Structures are given as structure tokens and as C-alpha cells.
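All remarks here apply to the structure that follows.
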Amino acid sequence: MSLTKKLKNLFSNTDITTEATETSNPDKSKKIDYSIGEKNSVIAKKANHPSASQALNDANDIEERIFEILPEYRNVSLSNPPGLAGAICKDLDNWEHRPIRELRPMVALNVLSLLCGSRLNGDGKQMSLFLIGIASSSAGKGDQIDYTKLLLSKLGLGEFIYSAPRSDKSIYLDLFESGKVLYMVDEVQSLFSGMLSKKSSEFTQSMLTLLMELNTTSSATLPGNLKRELGAENSTMLKPFLGFSGYSTPSELAFILNERNIHSGLLGRFTFFPPGEVERHTKNHSISKKIGEDVITRCQKMLSETNQVVMSEAASNALRLLDDLFDENEYLNHPRLGAIYARGGEHIKRTSFVLGAETGIVEVHDILFSLRLFLNSINACKVPKNKMHRSENITDEALSVASKECADDWIMKSVLANKMTKNRAIFRKMHQEEPGSHYKVLQFLIERNLLLQDGKKVKLAD
């Protein structure tokens with residue numbers, strides 16, 4: 001099996017529900033009581049459930065718990081968001097050459113979020129989001145990017161869309177010069193590779209820390225050198241709006257899915273939109289490439305709103321039930337996903353404020369759809385340890401050989417490849433299964449700037 005296939009397998013646990021699940025609850029038509037009381041308490045139900053170790057062996061366990069406390073969740077479908085978000089997803093039927101429904105809510109959230117660039121949510125915070133869409137090459141991601149940019153441009157918001165930043169300085173400059181920023185980055189794995197690599201410059205590595213900070217902070221302050229360079233009288237921006245939208249493929253993005261990035265809080269700040277079971281859908285030859293007038297009209301109306309987005313009492317109570325659930329020990333202290341579950345309530349609330357912005361009020365259906373997105377995103381991080389370590393071991397073993405053979409001098413790429421199969425059993429086995437696969441490992445390292453290439457020669461990056 002090739003390295004690309006091995007890395008792609010990291011997403012094999014992803015399970016996207018694209019149709020609403022039918023409920024077997026005979027009382028499903030009755031109005032749900034979301035008041036906080038002993039009968040709805042998650043804690044009160046805890047004694048009826050298996051131990052923590054048993055519970056998290058079942059990937060569906062948390063959804064079963066949610067069905068009990070929020071029965072209406074059974075009817076929530078990823079393909080049918082509420083409100084204007086749903087209208088945008090439907091409008092993409094007329095735009096995409098290849099339908100890629102799993103990522104359509106990401107398009108809607110990008111648009112709605114930037115429409116709220118000058119508004120605050122009920123907590124007095126800005127309403128930007130960090131989103132990453134994952135789909136195979138040529139699956140249709142480009143159509144969604146084009147739709148997003150065109151719609152935002154028609155709404156007069158195109159000036160706030162930026163490509164990938166080059167350094168922490170460029171992020172500060174973009175933010176302070178424009179007032180609000182939405183980074184839209186195709187092939188986002190290259191940006192992450194640079195930010196996460198110890199071989200990158202200090203300015204490149206610093207971007208990651210700054211982006212994580214700006215995702216949650218209530219203010220941004222220019223460093224002294226930039227304050228002097230810009231001649232800025234006021235070096236602090238309150239409620240800075242910085243959104244991030246990245247696209248990649250399963251195999252290319254797999255390298256960021258590890259425990260270090262979970263525990264650092266990096267993965268918990270993003271909503272991931274994993275790929276569906278069908279890699280590529282057949283082409284639609286009857287698309288119009290026109291954005292619906294209803295979508296444009298509703299977006300324009302929403303753009304003119306300045307009121308703070310608030311949350312209904314029923315929605316607040318539903319969110320409280322979820323907070324209690326995520327605070328239970330088996331989720332809060334889960335050995336791999338605890339840092340993500342700990343942010344669960346806040347993550348859901350942040351998304352629901354964006355979904356409810358058209359009416360100005362977050363309702364229960366906004367909470368439930370945000371919950372569906374959150375759990376769907378978690379699926380992208382449910383990488384079995386043996387699979388995660390397999391890809392990390394391949395990289396580590398290749399770098400170990402390279403450090404001995406070409407740390408100081410350039411050598412032929414073919415020589416390094418032969419050294420790998422000669423000195424490491426893992427590469428001999430890979431070569432037996434698929435001849436030449438060790439060259440793909442080298443190419444993987446070159447693309448991530450861990451190996452330098454000059455013609456047919458390579459050298460370990462400094």
C-alpha cells in the first residue's frame with residue numbers, strides 16, 4: 001500500500017450522515033421541554049450508562065446520550081441547515097459541476113460569518129469561524145470556493161477576502177488595514193506544513209500562535225515594531241474579526257491529525273468537514289452558474305442588520321444540557337479527544353450564533369445543527385492510534401535515515417532511497433508490497449520542506 005493510501009486511511013473512520021435519521025420515538029411530534037430540571041439532567045441519567053471505558057469504545061455512544069436528552073436531534077441532517085444557510089446549500093445545486101454536499105454548510109457559514117463582520121453575538125464577541133473542508137482532488141472544491149467569492153463580491157465584501165498569509169506580520173497588516181479578514185486558502189496543507197515545521201522561519205511558525213490567539217481573543221495589539229512602521233496611533237483593535245477557511249484532500253491533510261495538535265488546542269479551534277463515502281460524484285451538465293436572487297436579497301438584508309444576535313431561552317437550555325454532557329468525566333478527560341470535548345459547548349454556541357444571525361435570535365434548531373457539525377468534525381479526529389503512529393513512524397524513519405546520509409551534503413535521491421530500503425525493515429516491506437513506494441515517502445518529505453531537492457539530489461532541510 002502506498003504512503004498516500006496509508007495516509008488517506010486515516011480518514012477511514014469518517015462517517016457522514018447526509019440524510020435525516022428516522023426517530024422511533026412515538027412522541028416525536030410533541031413539543032420538547034428544554035427547561036433545566038432534574039428530569040432532564042444529564043448527571044441524573046449517568047448511572048444508567050456504562051463505564052467511561054465502555055462508553056467511548058462505541059463511537060455512537062455520545063449520540064445515543066444526546067438522543068435521550070434532545071430527542072429532536074434525530075431529525076437533524078447535515079445536508080439541510082436551518083434558515084439562510086439552508087438556502088445557500090440548496091442554491092449550490094445550480095453551481096457545482098460535481099455535487100459535494102458534505103462541504104456545502106461550510107460555504108454557508110463562510111458567507112454568514114462575514115455578513116456578521118460588524119456584529120456581535122450574545123456574549124459580546126465577534127462572529128468569525130475557522131473551517132476546513134476535506135475532499136478528494138477534483139471532487140468539486142473549486143466550485144464552492146468560486147461561489148463563495150462571487151457571492152461575497154456581489155455583496156460588496158470581496159475586499160475582505162485574502163489568500164494565505166505569509167508571516168505573522170502579514171496577518172497583523174491585513175487585519176489592521178482592512179478591519180476584518182477572511183482567509184480563504186486552497187491546498188491549506190502547505191500553510192500548515194510551514195507553520196508546524198521546526199525547519200520554517202520564526203515568522204512562519206509564529207503565524208500558528210497568532211491565528212490561534214485571534215480565534216478567541218477580545219482584542220489584538222500590534223507589536224511595537226509594527227506600530228512604529230505603520231505610525232498607528234491606536235495599536236489595539238477591539239473585537240477583531242478574523243475568519244479562516246481552508247480546503248485540502250484527505251491524504252494531504254492527514255499529517256496534522258495527531259494528539260499533539262489536539263492537546264495544543266489547534267484542532268479544537270476548527271470545524272472540519274470530512275469527505276463522504278463517494279469520492280467523486282458524476283458531473284451535472286445542467287448547471288446555470290447563477291446565484292439565486294432570493295439568496296442575494298436575504299444576504300443583503302442580513303448585511304444591513306447591526307443588532308446583537310441573542311439566544312432564545314429554549315436554545316440556552318438545550319445548550320446547557322450539552323455543556324453538562326461534555327463536562328462528564330468520560331468526555332472531559334477522554335485520553336485523546338478531551339481537549340475538543342472541553343470546547344464543545346463553546347464551539348456549538350459560536351456556530352449557532354452565526355446560523356441564527358438572519359433572524360437575530362438563536363433557536364433550538366440552530367443549536368442542534370451546530371451540534372451535528374461539531375460531532376461530524378470530531379469524526380475527522382478519531383484516528384486509531386495504530387494508524388496515526390504508522391504514518392508518523394514512516395516519516396520519522398525516513399528522516400532518521402536522511403539525517404545520517406545527507407544532513408550536511410547533497411546526495412542522489414536514488415542513493416537515499418536505496419539506503420532507506422537497506423537500513424529499515426519498514427521500507428523494505430513497503431517496497432515489496434508496492435515497488436517504488438519509498439520514493440513516494442521522499443516526495444512527501446520534499447513537499448513538506450523537510451527535504452530539499454536540487455535536480456536529482458536531496459539534502460536534509462536545515
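The values are calculated or read from the model by the stated rules, or taken from the named source; none is laboratory data. Just so it is clear, the structure is predicted and the values come from calculations on it, not from any experiment. Note that each Cβ is placed from the backbone with ideal geometry, even for glycine, and that neighbours are counted across all protein chains shown. The protein model used for the area step is the full one, side chains on, heavy atoms only, and it has no ligands, DNA or RNA in it. Shrake-Rupley method; radii C 1.70, N 1.55, O 1.52, S 1.80 Å.
From the backbone phi of segment 195-207, what are the Karplus-calculated ³J(HN,Hα) couplings (6.51 cos²θ - 1.76 cosθ + 1.60, θ = phi - 60°) in whole Hz, Gly and Pro given as x?
5, 8, 7, 6, 7, 6, 5, 4, 5, 6, 5, 5, 4
Under a point spin-label approximation (7 Å from Cα along Cα-to-Cβ), what is the HIS281-SER235 distance to one decimal in nm?
With each label point 7 Å from Cα toward Cβ, the separation is 5.1 nm.
Over 10 Å intervals from 0, what percent of Cα-Cα pairs in segment 158-268 sits in each interval?
Percent of Cα pairs in each bin: 13, 44, 33, 9, 1.
Can you tell me which aspartates and glutamates have their Cα less than 17 Å from the Cα of LYS457? Leave out same-chain residues fewer than eight positions away.
GLU405, ASP408, ASP409, GLU447
I'd like to compare 397-403, 368-374: which one has the highest average count of other Cβ atoms within 10 Å, and what's the full order after that?
Packing proxy ranking, top to bottom: 368-374, 397-403.
Pull out the extension gain between SER312 and SER288, defined as 0.36 nm times the separation in residues minus the alpha carbon to alpha carbon distance; nm, one decimal.
Computed gain between SER312 and SER288 is 4.8 nm.
What is the gain in length, in nm to one decimal, between SER153 and ASN329 on full extension, counting 0.36 nm per residue of separation less the C-alpha to C-alpha distance?
Full-extension gain reported as 58.7 nm.
Any idea what the relative contact order of segment 94-213 is, in percent, if you count C-alpha pairs under 8 Å spaced at least 6 apart? Write down the numbers at each step before the final one.
Values: 98 pairs, mean separation 24.8, N = 120.
It rounds to 21 percent for segment 94-213.
Quick query: amide H of THR271 versus all other amide H atoms, modeled in the peptide plane; which residues come in under 5 Å with a sequence gap of 5 or more or a different chain?
PHE130, LEU131, ILE132
Could you sort 263-276, 225-238, 435-448 so that the peptide with the highest average Cβ count within 10 Å comes first and the rest follow in order? Don't jump to the answer; show the numbers that get you there.
Numbers: 263-276: 20.9, 225-238: 12.3, 435-448: 17.9.
Descending packing order for the listed peptides: 263-276, 435-448, 225-238.
Output ³J(HN,Hα) for segment 252-258: one whole-Hz value per residue in order, computed from phi by the Karplus curve 6.51 cos²θ - 1.76 cosθ + 1.60 with θ = phi - 60°, and x for Gly and Pro.
6, 8, 4, 5, 8, 7, 9
For LYS283, go through the aspartates and glutamates and keep the ones whose alpha-carbon is under 20 Å away, minus same-chain ones fewer than eight residues off.
ASP91, ASP93, GLU96, GLU102, ASP143, ASP146
Between SER170 and ARG320, what length in nm is gained on full extension when 0.36 nm per residue of separation is reduced by their alpha carbon distance?
Additional length available on full extension: 50.1 nm.
For a paramagnetic label modelled at 7 Å from the Cα of SER118 toward its Cβ, which residues of segment 289-310 fall within the zone defined by backbone nitrogen distances under 18 Å?
297-309
Could you derive backbone 3J(HN,Hα) for segment 182-192 from the dihedral phi with the Karplus parameters 6.51, -1.76 and 1.60 (θ = phi - 60°), listing whole Hz in sequence and x where the residue is Gly or Pro?
10, 7, 10, 10, 7, 6, 5, 4, 5, 5, 5
Report, in listed order, any pair from LYS199/LYS404; LYS404/LYS456; LYS141/LYS239 with a Cα-Cα distance greater than 24 Å.
LYS141/LYS239
Which value, in debye to the nearest 20, gives the size of the charge dipole of segment 144-288 about its Cα centre, when Lys and Arg are +1 and Asp and Glu are -1 at the Cβ? Each step should come with its number before you reach the end.
Values: 14 positive and 15 negative charges, 22 e Å.
Here segment 144-288 has a charge dipole of around 100 debye.
At a 10 angstrom cut-off on C-beta neighbours, averaged per residue, how do the peptides 144-151, 128-135, 330-337 rank from highest to lowest?
The packing order, highest mean first, is 128-135, 144-151, 330-337.
Let me cross-check THR249: its accessible surface, 1.4 Å probe, with only protein heavy atoms counted, in Å² to the nearest 10?
About 20 Å², rounded to the nearest 10.
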